[in-house]
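So the structure is just underneath, and the comments pick up after that.
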Amino acid sequence: MVKKFIILVDEDFNKEQRNAITNFFKGKYAYWHWIGNVWLITTKNETDTVNTIRDELIKLTNRGAILVINASESSGWAAFGQKKKFTWMHNSWSKKPESFPESEDKF
């Protein structure tokens, strides 16, 4: 089964950081990246989840806000950043993710 994910990062990510994310996806996922801070990816790897993808992106950047949405499941998402930035997601989008590492960034 093909799994689909949407990855968004905030506008404070510079070109080099966005390129690092794109280079990470090359060869690992099929991806679409025609909007600056958005990637759509697909994978057949059953071990890829919102949490594993988010954690890999944290290793690359460890800053800002990152949101990974499982477009294959209506309730799948994981995030990184200040929790206040994701209050609406917690309350309105779906169930709260099981793990939510919070960044120390103040922006």
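The values are calculated or read from the model by the stated rules, or taken from the named source; none is laboratory data. In this text the structure is predicted, and so the values were computed from the model without any measurement. With ideal geometry, Cβ positions are generated from the backbone for all residues, glycine too; neighbour counts draw on all protein chains shown.
Of the residues making up the range 23-46, those that are in contact with a strand residue (DSSP E or B) (Cβ under 7 Å, 6 or more places away or on another chain) and either within 14 Å of ILE66 (Cβ to Cβ) or assigned to a strand (DSSP E or B) (or both) number 12. Restricting attention to the range 57-82 and to residues that are modelled with pLDDT under 90 and among the charged types (D, E, K, R), the residue that is farthest from the chain's Cα centre (by Cα) turns out to be GLU73. When the test is whether a residue is of a type in the set (D, E, K, R) and more than 11 Å from the chain's Cα centre (by Cα), ARG54 does not pass it.
One line per residue, one yes/no per condition, for (1) in contact with a His (Cβ under 9 Å, 6 or more places away or on another chain); (2) among the charged types (D, E, K, R); (3) crowded, with 17+ Cβ neighbours inside 10 Å:
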{"position": "PHE25", "(1), (2), (3)": "yes, no, yes"}
{"position": "THR49", "(1), (2), (3)": "no, no, yes"}
{"position": "GLU56", "(1), (2), (3)": "no, yes, no"}
{"position": "ALA65", "(1), (2), (3)": "no, no, yes"}
{"position": "VAL68", "(1), (2), (3)": "no, no, yes"}
{"position": "PHE86", "(1), (2), (3)": "no, no, yes"}
